[in-house]
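Presented below is the structure to which this report refers.
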Amino acid sequence: MNEVADEKRFGKTVALALNELRHGTHDGLFTAFNEEHNWQLAHRILVPAFGPLSIKSMFPEMHDIASQLVLKWARHGSDHIISVTDDFTRLTLDTLALCAMDYRFNSFYSEHMHPFVDCMVRFLVEGGNRTRRPALMSAFFRREDATFFADIEYMRKLSDELVQNRKKHPKDTRDLLNAMINGRDPKTGERLSDASIIDNMITFLIAGHETTSGLLSFAFYYLLKNPNAYQKAQQEVDQVIGKGPAKVEHLTKLPYITAILRETLRLQPTAPAFVLQCHAETEIIGGKYLVEKNQPIVALLPKMHQDPAVYGEDAAEWKPERMLDENFAKLPPNAWKPFGNGMRGCIGRPFAWQEALLVTAMLLQHFDFSMADPTYQLQWKQSLTIKPKDFNMRASLRNNVTPITLEHSLTSSASGDPRPQQDIKLNSTRPVASTSPQGKPMSIYYGSNTGTCEAFAQRLAADAASHGFSALKVDTLDSMKQNLPQDQPIAIITASYEGAPCDNAAHFVSWLENVKEGERLKASYAVFGAGHSDWKATFHRVPIAIDDILAAHGADRICNRGTADAARGDMFSDFESWEDQVFWPAMTKKYSSTLQQTGTESAYTEQSLDVTVSSPRKSTLRQDVSEARVVTTQILTAPDVPPKRHIEIELPSDITYTAGDYLAILPLNPAESVLRVMRRFGLAWDSMLTISAQNGTTLPTEVPISAFNLFGAYVELSQPTTKRGIITLADACKDGATKSELTKLAGDTFADEISKKRVSLLDLLDRYPDIELPLGSFIASLPPMRVRQYSISCSPLWNPKHVTLTYAVLNQPSLSGRGQYVGVASNYLCKLEKGDKLHVAVKKSNQAFHLPSDPENVPVIMAAAGTGLAPFRGFIQERAAQIGAGRTLAPAVLFLGCRDPDKDELYRAELDKWEKMGAVDIKRAYSRKSEASHGHKYVQDALWANRSQVMDLWDRGAHVFVCGSRELGEAIRAVSLRMYKERAEERGKDSSDETAEKWFDGIRNDRYATDVFA
């Protein structure tokens, strides 16, 4: 299947029933031959209409129709027998008609189906029947033929009426009908003819409603046959959506229901086959099968999807867990094909997926279901697609809700309008526009997990007006997937996370990496990449790949790629240097910006914010994180050593996590740092600030905000300043000697005196008290407050709604030699007490940094020092819970380091208990008391001493996890290479450094995962 899915060698052919359906849909998207012009034209016009933003904008209409189904079942009551496939057919047809062409069939308000549906069903059934009748028998089926063509005439007539009505009465909608009527082929500029529009309208209604209704019907059959899965799915809905209205943002937080739909399509692909043909004269597949040109190859999906070689010996069983994201990502290429293949695959897949997720979630949210006939066994019925036959169920409302209260809830709530609310939002992903009316338009896209690249993007947007440009949009890279702007330059700012894309860039990168050879991408772009040089081979992999792929496909590179290295600690200065010296000069030259500058440095100095001080009080809330509550706090170390602490946090009801994930904390600056600012600028403790910004900012504007709140919650005060920040100080300085010192600091001594010593702009203001820097210039120079990520140190099997963090408190003499350096997030956390509220969000860790999905057979090796134990406490806690439930697990060993077992060893009693259970085997190393750890001073010493055990586990398929400092990561890497070379020598294999390095690079982010922090 992987071979025949290669579109260079094989392509779709229209045969059998599809060929008969051409009587009704001609060369529409589904029934066209590859060489036909109209389908190629329609495909190019309509693919953008199925883009993520378009599909997201259809959510309210989807919710409307789903609500009609919910209310129908609620009003009928728990004794009513639901004809599942019939009602899901009504649902999907009405949804598609409303979303695609703003037309209502109103199927739930009539006992009988709309005549269009009756015609469509007869048309599909007869199309299949006609393929099974010899031509000489046609004279005996004249009545069936007459009905067949009458049904076609009715469907085309109704479709034509819709088209003509829309042309007479245009609507300001983003539906497919508008796209078909008004869209132009980006390649040729052509428009679709009315006949082609009708062909594709009928195609969408047939293919879209048939397949999705079948998927939903099969999914609920399997849910009712598998109570445990049903319970998990309903619990997920309760946790994510709760009792409020389903919203579009909920749909991405339903991994188990997503797995249910995937697994259902694996076992019951509703379009169970597609036919391919060979392009060449002959083709050999797998060295065994010889295929001649135009010879059909039928891809039977049920057979392929149940191959034990791919899905295991239980491949015929329905198990959603096998389709959870981590497992799904490991499937071989083209092993799961329910939406067809390649260019001829279903372009409506995002539409169907959003609809199926929403409907499944809403039904589980509001009802408890049961089989109408508990003895029912699955049977099939087939037209063009397959569905369950005679499958009925009953539905009873949950939580003592009545149909009346349910109707009020569904109709009075804002049911998920995807348009962002214009409230104050830290690190907002909504467009931040320059208000310069004469600026040349541009867009900025970022990939950012921790907020750094997003801050770069916002800074670039704020600077745009100074160079004669207007940043019309600042958004995530994923928002640009399949939708590269062609009418304006784009700046791409993204990071590599251990060589992988950031969470909000993964879909874009995946799409870009799969752009077909020879396809041109018409865009003008510039790329800036952030990364960490410790990752060596994967350093800047993602921005490099984006830059290279865009260039290879004909996109116009505006300037050389910029880079920043987190290991050096001055990423903001790296970005500013690229922006000032590379990006803006290239943009100005290419687009002939008419805005003249007298000098780059003075231009940025003028980017001040107009600030007025007032007295009214008003607090503002952020929306990118959710409110959580502190349950307990605990000091884990002795009083005379650097403190390490434990905190337990109750999560909001809609947040879930897995062992190995991060908890992102939105901290507050230490009060002493805020008071330094207040004193420096002469602000009273209750001063209110009102900010006005012409060039865009992430700060709250045009509303009074307390100075204490602004400096405590919205900006970074401890971030090392940038060269531009120092230039801003120098421009405000009147003393020549001080200006000279600052100029030197912004030059050759910047790295040693500012970056390495982590000197902030506030530190420099304290150092040079005579500088009269305007308050607005100071605020404009500060980066926005960003979240800090901590490894979660527990497992959801312990408590799915609580998380614990294990962290070190940073409070030490400043590297500059002036005062104390106080860690923002760790000191914020250590001051929290039971009952305090904080703002958090769960962030997924690298896919490889999770426990194996097959814990019975895959051993685990862990190495950590200090608070690097955090994720492994969660891993071991999860294994202990699994063992307590009767499971037999593969071995796990933990190499753990600290200074002194009596002073800073963490969770000793817990770990000893879990070790006795068999959840882990612990090898300890004490750097200041090595006699208590078999002479092992450091973790790497214990690892080397136990290398025989480690290599045996490795040969059994073990996964290795490392968490701790950069130094620990390098040390474990070095020992791993030594062990590999020693084992290679023992076996008479190549043990060279080059071979060992190649081996190590091959296992990273697969069987060897790290979480290394500075």
Elements of type strands (runs of 3 or more DSSP E) contained in the range 320-420, each with 1 or more residues being at pLDDT below 85, touching a Gly at 6+ places or on another chain (Cβ under 9 Å) and of a type in the set (A, V, I, L, M): none
Test: residue in the range 973-989 that is closer than 19 Å to residue 867 by Cα and of a type in the set (Gly, Ala, Ser): no
Matching residues in the range 152-164 - criterion: being surrounded by 15 or more Cβ atoms within 10 Å (Cβ to Cβ), without any contact (Cβ under 8 Å) to a residue 60 or more places away in the chain and either closer than 19 Å to residue 98 by Cβ or touching an Asp or Glu at 6+ places or on another chain (Cβ under 8 Å) (or both): 158, 159, 160, 163
Qualifying residue in the range 905-920 (condition: in a strand (DSSP E or B), crowded, with 20+ Cβ neighbours inside 10 Å and at pLDDT 95 or above): no
Boolean, residue 242 is closer than 21 Å to residue 90 by Cα and small (Gly, Ala, Ser): no
Selection count, the range 788-821, where residues are touching a Lys or Arg at 6+ places or on another chain (Cβ under 8 Å) and under 30 Å from residue 693 (Cβ atoms): 1
Some residue of the range 191-199 being in contact with a His (Cβ under 6 Å, 6 or more places away or on another chain), under 29 Å from residue 113 (Cβ atoms) and not hydroxyl-bearing (Ser, Thr, Tyr): yes
Checklist (1) in contact with a Pro (Cβ under 6 Å, 6 or more places away or on another chain); (2) assigned to a loop (DSSP other than H, G, I, E, B); (3) within 23 Å of residue 253 (Cβ to Cβ) applied to residue 509, failing item: (2)
Any pair with Cβ under 7 angstrom, 6 or more apart, that starts in the range 570-589 at a residue that is in contact (Cβ under 8 Å) with a residue 60 or more places away in the chain and ends at one that is buried (at least 22 other Cβ atoms within 10 Å of the Cβ) and aromatic (Phe, Trp, Tyr): 575/456; 575/528; 587/469
Residue list for the range 798-855, restricted to those being of a type in the set (A, V, I, L, M, F, W, C), assigned to a loop (DSSP other than H, G, I, E, B) and at pLDDT 85 or above: 798, 809, 810, 832, 849, 851
Scope the range 81-97; condition among the aliphatic types (A, V, I, L, M) and either out of contact with any Pro (no Cβ under 8 Å at 6 or more places or on another chain) or not in a helix (DSSP H, G or I) (or both); matching residues: 81, 82, 91, 93, 96, 97
Sole residue being touching a Phe, Trp or Tyr at 6+ places or on another chain (Cβ under 6 Å) and surrounded by 16 or more Cβ atoms within 10 Å (Cβ to Cβ), chosen from 953, 943: 943
Leading residue by the ranking (surrounded by the most Cβ atoms within 10 Å (Cβ to Cβ)) among those in the range 721-741 that are not β-branched (Val, Ile, Thr) and not in a helix (DSSP H, G or I): 733
Residue, surrounded by the fewest Cβ atoms within 10 Å (Cβ to Cβ), within the range 257-308, restricted to residues that are touching an Asp or Glu at 6+ places or on another chain (Cβ under 9 Å), in contact (Cβ under 8 Å) with a residue 60 or more places away in the chain and closer than 30 Å to residue 216 by Cα: 271
Elements of type strands (runs of 3 or more DSSP E) in the range 629-699, at least 2 residues being farther than 28 Å from residue 774 by Cα and in contact with a His (Cβ under 8 Å, 6 or more places away or on another chain): 644-650
Residue within the range 664-678 that is modelled with pLDDT under 90 and over 20 Å from residue 826 (Cβ atoms) present: no
Pairs where the first residue, in the range 495-523, is at positive phi and the second is acidic (Asp, Glu) and at pLDDT 85 or above, C-beta under 9 Å, 6+ apart: 498/1011
Whichever residue in the range 564-587 is out of contact with any strand residue (DSSP E or B) (no Cβ under 9 Å at 6 or more places or on another chain) and modelled with pLDDT of 75 or more and, among such residues, is nearest to residue 459 (Cα to Cα): 576
Every residue from the range 20-76 that is free of Cβ contacts under 8 Å to residues at least 24 places away in the same chain and assigned to a loop (DSSP other than H, G, I, E, B): 32, 33, 35, 36
Qualifying positions in the range 8-60 - of a type in the set (A, V, I, L, M) and in contact with a strand residue (DSSP E or B) (Cβ under 7 Å, 6 or more places away or on another chain): 15
Criterion violated by residue 989 - all others in (1) modelled with pLDDT of 95 or more; (2) over 34 Å from the mean Cα position of the chain (by Cα); (3) not in a helix (DSSP H, G or I) satisfied: (1)
Residue in the range 200-216 that is free of Cβ contacts under 8 Å to residues at least 40 places away in the same chain and either crowded, with 22+ Cβ neighbours inside 10 Å or of a type in the set (Lys, Arg) (or both) present: no
Condition check for residue 78: of a type in the set (Ser, Thr, Tyr) and touching a Pro at 6+ places or on another chain (Cβ under 8 Å): no
Test: residue in the range 745-757 that is within 34 Å of the chain's Cα centre (by Cα) and more than 24 Å from residue 467 (Cβ to Cβ): yes
Every residue from the range 457-470 that is more than 24 Å from the chain's Cα centre (by Cα) and either of a type in the set (Val, Ile, Thr) or at negative phi (or both): 462, 463, 464, 465, 466, 467, 469, 470
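Matching residues to (1) surrounded by fewer than 19 Cβ atoms within 10 Å (Cβ to Cβ); (2) in contact with a helix residue (DSSP H, G or I) (Cβ under 6 Å, 6 or more places away or on another chain); (3) within 17 Å of residue 628 (Cβ to Cβ):
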| residue | (1), (2), (3) |
| --- | --- |
| 818 | yes, no, no |
| 831 | yes, no, yes |
| 836 | yes, no, yes |
| 841 | yes, no, yes |
| 848 | no, no, no |
| 851 | no, yes, no |
| 864 | no, yes, no |
| 868 | no, no, no |
The one condition in (1) surrounded by 21 or more Cβ atoms within 10 Å (Cβ to Cβ); (2) within 19 Å of residue 838 (Cβ to Cβ) that residue 698 fails to fulfil: (2)
Answer residue from the range 87-104, given it is closer than 20 Å to residue 391 by Cβ and not basic (Lys, Arg) and is nearest to the chain's Cα centre (by Cα) among those: 92
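The values are calculated or read from the model by the stated rules, or taken from the named source; none is laboratory data. What you see is a predicted model; the values in this text were computed from it and never measured. Heads up, the Cβs are rebuilt from the backbone with ideal geometry, glycines too, and the neighbour counts pull from every protein chain shown.
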